[in-house]
Each structure stands twice: as structure tokens, then as C-alpha cells.
Amino acid sequence: MARCTAEYAQRPETVLVHDPVPFGALGVLEDIPAGELEEHLLFREQPDTQRFVLQHRAFTKAIADAGVDCRYLMELAEESVDVRAAQYDPNLMFARDAAITLPWVPEVYLPARMAKPLRRTEVPILSAALEALGLNRLEWGGAEDAYLEGGDVVPFSRGGNRCLLIGYARRTTLAAVRRLREVLIPDLADEIFAIELAPWRMNLDGGLLPVAEDVVVAHVPSFLSTLHLDARGQRHVDLFAVLRELEVTIVETGRDASWLQQACNYLCLGDRTVIGYDMATSVLRDLRHAGINVIEIAGDELVKGRGGPRCMSRPVYRPLATAQQARP
């Protein structure tokens, strides 16, 4: 069997990020009335560009200072895609969403299928970057209503099982989850927990994230029901009862902190180490009390795009290939 390593336990070999400012993407926000930003460009409000740049640089520096290679995805993808797409989509900064990588199958990635038309140009860009690093595309297909975003997919481990926690509601659909069961189980995963999100919740990692084997941070009311899928079929389960059986400490936060401060959203670097925004101080205190090493970064401008450090990063769990090695 392939190695089973959860996202929180596996140190990435590299992390892909994207700064939208050099491509002029934040300038697109200036053409939209403030009250219409979320509807048209998905941002909550217009960031201050200068402070945004400084905070994003601090984020990439925190990754590098932790000893993890940090790469800008457009530097890897620009020879393979039309870079003009990056000028019109500030959401490309959320490099997590357009693909899924699995720590126990480090040589492959699954392309996302974005529900929001604005974000569909992100998939070929992130795909090109991952393929430049030597990863192979795993097609999963699905019906027309099978939408999938990386922010809804969390690689987990339960009793040694290769497990995926997948949220579904606004950005990912249950049809996609069921299709992934057909494609991944039993060869590339053992089980999936399909977690129904509250209608206002955008992605799973905005409201729940395991940060260590025994620690999960969550806004518990965000989750309405859970369906367990494996090779034998499917059944309804109580997600938090499952976590309690694993003797997991649940660090709880409120709705506003999870939404406005991204209190549940962290880039996991293995060895109980995460990068998170510095705003949700009570959650950060509780995480440290539970033995989590939290590397804090300023995020009051970055968070205006409605995402956190996990959203802004796509980990790759394999040694980097040279361009010659990565392409036939």
C-alpha cells in the first residue's frame, strides 16, 4: 500500500504561491463599485496595494524561513499558458483551489472544476506549474454538475486509512464527491467524509482544518451533516463523534473569526507547525496550548480576498524535477 500521510503531518517539498499585484490584477477591483466586489470578483473589499504586497512577501518569507522551497506559479507556468488570464483574476492568489495534491500519491494531481466562471482560467495555469514540477494529471471527469475546489479537500488519516475530508455546498458539489469515490477508492484512497457545509460557508478550510493528529480547529455550527463513503458503500455519520473517537482536541472558534479573520485556515508544514494570520488571538493561544507551533503573519489586507494562508498555497509533496526531467 502507498504511504499514508495526512496533510498536517507531511512537510511539503515546495509550496506554490501567486502574487496578483505584478500582473495588475488588484487594479481590476478599482473598476467595480464596493458594494458589487463580492458578486463580480469575489473579494470582500479592495485591499491597500502597498500593504498587500508587503504582507504577501512576509507570507512567502515565512515559508522559506521554515525551510520549505517557495515558488511563484507563474514563473513555472508562463511558457505553457496565456499569462493575460492572470491580469483579470485576482483570485489566482488562492493557489490552493485550482488543483488537488495528495501527500500519499505525490506524483499526481487532480485538476479542479471551478463553479465560478471567473476562476476557470486558474486551472490550466496551476496545472502547467504542477506539470513543470513533474506531476502527472489524473483526470476524474464527472457530470456537468460535478464541481470541485481545492479549498474543500483536506487529506486526512484515520487509523492508517488514506482519508479525504471534502466539504460540499457553494463551490464543490456532492456529485463531484461521489465521482471522486469512483476514481480514487480503493487504489488511491480508502475513504471519504463528505461534509455538508452551511449555505453561507464558502469552503471547508474556512471552517475546519486538522493541524495535527490530535488537534482540529473548527467553527462547529458550519457543518450540517456528514456522509462516509468507502468501497463498501455510504452511510451517514457524526463527524465530530468520529473526531472524538480519535481523541482529537477541537479548538473551537466563532463564525466571525472564522470568516473575517480566517481563524481555521493554516498552511501546514508538518511537525505540528503551521502558518496563520495574527488576528484570531484566542484561537492562536489555544493552538499553542495544544502544542502547535504557529508562525504568525499579518493578514488584515490579504484577508480581504476572503482567504487565509492555506488558501494562498498549493503544496507539492515530492522532490522538484528539472524541466528536462519533468517533460518527456
- Single residue of 212, 218 found to be closer than 25 Å to residue 276 by Cα and touching a Lys or Arg at 6+ places or on another chain (Cβ under 6 Å): 212
- Restricted to the range 80-113 and to residues being in contact with a helix residue (DSSP H, G or I) (Cβ under 9 Å, 6 or more places away or on another chain) and among the aromatic types (Phe, Trp, Tyr), the residue modelled with the lowest pLDDT is 88
- Task: Considering only residues that are among the aliphatic types (A, V, I, L, M) and either in contact with a strand residue (DSSP E or B) (Cβ under 9 Å, 6 or more places away or on another chain) or surrounded by fewer than 24 Cβ atoms within 10 Å (Cβ to Cβ) (or both), look in the range 90-106 and name the one that is nearest to residue 20 (Cα to Cα).
- Result: 93
- Could you pull out the residue among 134, 167, 142, 151 that is in contact with a strand residue (DSSP E or B) (Cβ under 6 Å, 6 or more places away or on another chain) and buried (at least 18 other Cβ atoms within 10 Å of the Cβ)? 167
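Condition check: free of Cβ contacts under 8 Å to residues at least 60 places away in the same chain and not β-branched (Val, Ile, Thr). Does residue 221 satisfy that?
Numbers: free of Cβ contacts under 8 Å to residues at least 60 places away in the same chain: yes; not β-branched (Val, Ile, Thr): yes.
Considered against the rule, which asks whether it is free of Cβ contacts under 8 Å to residues at least 60 places away in the same chain and not β-branched (Val, Ile, Thr), residue 221 comes out as yes.
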- Task: Six or more apart or on different chains, Cβ under 8 Å: which pairs go from a residue in the range 229-243 that's closer than 20 Å to residue 182 by Cβ to one that's in a helix (DSSP H, G or I) and of a type in the set (A, V, I, L, M)? Could you list them?
- Result: 229/177
- Message: Among the residues of the range 2-21, are any of a type outside the set (Lys, Arg), farther than 30 Å from residue 273 by Cβ and surrounded by fewer than 21 Cβ atoms within 10 Å (Cβ to Cβ)?
- Response: no
- surrounded by fewer than 16 Cβ atoms within 10 Å (Cβ to Cβ), among the aliphatic types (A, V, I, L, M) and closer than 25 Å to residue 162 by Cβ - does that describe any residue in the range 107-120? yes
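The values are calculated or read from the model by the stated rules, or taken from the named source; none is laboratory data. What you see is a predicted model; the values in this text were computed from it and never measured. Using ideal geometry, Cβ is built from the backbone for each residue, glycine included, and neighbour counts are taken over all protein chains shown.
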